[in-house]
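To start, the structure itself, in structure tokens.
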Amino acid sequence: MTHADESTLTPDFDTLIDRRGTASEKWDKYEGRDILPLWVADMDFRSPEAVIAALHKRVDHGIFGYTDPPHKLVEVVCSMLEDLYEWTVEPDWLVWLPGLVCGINVACRAAGQEGDEILTAIPVYPPFLTAPAHANRQLKAIPLIDNGDRWVFDFERLRDALTPRTSLFLLCNPHNPVGRAFVADELASLASCLEGYDRIICSDEIHCGLILDTDKRHIPIAALNPEIAERTITLMAPSKTFNIPGLGCSFAVISNPSLRKRFYRAMAGIVPPVNALGFTAALAAYLEGHSWHATLLAYLRENSMLVEEAVNRMPGMSMHSVEATYLAWIDTRSTGLKEPAAFFENAGVGLSDGRYFGTPGFVRLNFGCPRVMLREALERMSRAMQRISLPGRE
């Protein structure tokens, strides 16, 4: 069977692929132990066959020299942003990066001056909390509010936290770990709060292709209007959507030429170019990954519902519906567990500890895996919870 033939097959997300012995960060953490890894955000699914075929073809060429962003990839990205979000992006607004975390750190260096304040809302993806210090900036964090239905911004507290030295707000949309796909009114209110003082928004939108709630859609904050775009650095990548994070290809969208120049200056001499295979995979994913992507979303939606139902049945545990991402943010505070991640690890399930997201008492579960593995993990968690004595329980 040729690669072209393979690319027409229905994706198989049910088969558990053995990742041991591949230097997998996700799996090697628990090497030699019976612990199912549902922690770091990469999926246990084979990437789209079109991506694999394109990589084979590029490897067969046999020369891997320094590589510029392919003109076709630039064209495809600009067209995709127009088609999906009605967002007109010029090719020179794109800044290519070898990783999105790199982009967060560059944004911290590009905004304001050393000693300035960088604000974010917690819980949030851990690099948001470490990047400001790398740039000799001060981190300020305000909590998101659980309104009983979903996590939302506390705009009053946000306004109170702002000072003339607040030079950057780090936004995660869709949100990791709480799984929100923020709506236009929320994003517009956020942008309004952040006006003035040459204040920049850096929006991590790496999960934009993973909207699970069919009533929601992804809205880039920069696409709301040109004025907001002028003070926004938008970070995107195909890595989460198409499960190719190890290939390292991301990009920033920066419409403001002065801000873009500051971003390039902060990159200079530090940030390496994207490698040839990263560009190859990105182009194939965006051009030919649509069918795979649609099948993935349907599979993740079922996994999400499975997790939500199972977790909310466990004594002392709760979570909200996941609007986007393949990550469940689970509240364990009513269980009385002092170290919930360690507790579940001892029960054979590896989860991310909420304290690294700025919010102890929670765990994050990655449900981007075959259902047989997910069911086993949830069973292990449920059995472990049945064995403990909860506060208030006789």
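Values quoted throughout were computed directly from the atomic coordinates according to the rules given, and no laboratory measurement underlies them. The shown structure was predicted, so the numbers you read here are calculated from the model rather than taken from an experiment. Every residue, glycine among them, receives a Cβ derived from its backbone with ideal geometry; neighbour counts consider all protein chains shown.
The lysine pair tally for the chain, using Cα distances under 25 Å and a gap of 8 or more places or different chains, is 9.
Fully extending the segment from Glu114 to Ser79, taken as 0.36 nm per residue of separation minus the present Cα-Cα distance, adds 8.9 nm. Note on the chain: with a GNM built from Cα contacts shorter than 10 Å, the maximum mean-square fluctuation among Pro11, Pro37, Pro91 falls on Pro91. Based on the Cβ-Cβ distance from Ser192 to Lys29, what FRET efficiency comes out when R0 is 35 Å, to the nearest 0.05? Computed FRET efficiency for Ser192 and Lys29: 0.25.
If R0 is 45 Å, the Cβ-Cβ spacing of Thr163 and His61 corresponds to a FRET efficiency of close to 0.25. For the range 118-208, chymotrypsin sites (Phe, Trp or Tyr not before Pro) are listed when DSSP marks them as loop and at most 16 other Cβ atoms sit within 10 Å of their Cβ; the list is Tyr197. Across the range 36-59, the residues whose backbone nitrogen lies under 17 Å from the label position 7 Å along the beta-carbon direction of Ser291 are 46-54. What the phi angles of the range 187-192 give under the Karplus curve with 6.51, -1.76 and 1.60, with θ = phi - 60°, is a coupling list of 5, 5, 5, 4, 4, 5 Hz, glycine and proline written as x.
Applying 1/(1 + (r/R0)^6) with R0 = 51 Å to the Cβ-Cβ distance of Glu227 and Arg387 gives a FRET efficiency near 0.35.
Comparing mean-square fluctuations of Ile211, Ile270, Ile35 from a GNM of the chain with C-alpha springs under 10 Å, the top value falls on Ile270.
The candidate values are (1) 64, 62, 38; (2) 57, 49, 49; (3) 119, 63, 41; the one derived from this structure for Cα extents along the principal axes in Å carries the label (1). The slack between Arg355 and Thr15, meaning 0.36 nm per residue of separation minus the straight C-alpha distance, is 119.1 nm. Length gained on full extension, Ser258 to Arg333: 22.4 nm, using 0.36 nm per residue less the C-alpha separation. Summing charges over all other residues whose Cβ lies under 15 Å from the Cβ of Asn256, with Lys and Arg as +1 and Asp and Glu as -1, gives 0. The helix-only estimate of mean residue ellipticity at 222 nm for the chain, built from DSSP H runs of length n ≥ 4 each weighted as -39500 (n - 2.57), is -11000 deg cm²/dmol after division by the residue total.
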